[in-house]
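Each reported figure results from applying straightforward, stated rules to the coordinates on display, with no laboratory input. Values in this document were obtained by computation on a predicted structure and should not be read as measured data. Note that we place each Cβ from the backbone using ideal geometry, even for glycine, and neighbour counts take in every protein chain shown.
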Amino acid sequence: QVLLEESGGRLVRPGDSLRLSCAASGVNISTFTVAWFRRGPGKEREFAAVINVHGRRPVSVESGKGRFFISRDNTKNTVYLQMRNLELDDTAVYYCAASATYIGRDGGQYAFWGQGTQVTVSS
């Protein structure tokens with residue numbers, strides 16, 4: 001059974017940085033594409049970033065461009081989302097998702113999801 005667990009979310013101020021972690025268990029995450037999504041209050045789920053199995057071509061959402069950086073450490077079975085210069089609109093529950101066959105922005109294509117971690121940006 002594939003289990004994903006996000007952590008690292010908390011209350012921060014605008015301009016702060018934060019690193020989220022997505023730890024996998026029950027599977028070798030090195031063989032999976034992993035993506036981060038987020039859902040802000042009253043908003044639809046939004047794609048944030050994705051990284052392929054080799055970690056060589058990370059893709060981040062436009063709103064996070066230059067601020068969101070996805071990476072993976074397969075030795076720790078973990079994928080990270082580094083967020084810098086956080087803005088109020090970054091407030092959301094952040095989810096990681098994994099797929100053995102798909103890489104892209106469509107959340108419906110990811111078979112495995114974590115429970116989410118809350119990031120709140122507030123002054």
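Which order, highest average first, do 40-47, 90-97, 113-120 follow once you tally other Cβ atoms within 10 Å for each residue and take the mean per peptide?
My ranking of the peptides, most packed first, is 90-97, 113-120, 40-47.
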Quiz item: Sequence-distant or interchain residues sharing an amide H contact under 5 Å with Phe112, placed H: which?
Solution: Ala98
Quiz item: Which part of the stretch 9-46 falls in the paramagnetic zone of Ser71, meaning amide N under 11 Å from the point 7 Å along Cα-to-beta-carbon?
Solution: none
Exercise. Evaluate the relative contact order of the stretch 7-99 (contact order divided by residue number), counting alpha-carbon pairs under 8 angstrom at least 6 apart; express in whole percent.
Key: 37
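Around Phe112, under 14 Å between beta carbons, what's the net of Lys plus Arg minus Asp minus Glu among the other residues?
It works out to a net charge of -2.
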Quiz item: Once both labels are modelled 7 Å past Cα along the beta-carbon direction, what's the Val2-Gln115 spacing in nm?
Solution: 2.0
Quiz prompt | Net charge of neighbours whose Cβ lies under 14 Å from the Cβ of Ala97, counting Lys and Arg as +1 and Asp and Glu as -1 | solution = +1
Quiz prompt | Summed residue charge, Cβ within 14 Å of Gly40's Cβ, Lys/Arg positive, Asp/Glu negative | solution = -1
Quiz item: Where q = 0.27 Å⁻¹, what log10 of I(q)/I(0) comes from the Debye formula for the stretch 1-50, counting one point per Cα?
Solution: -1.19
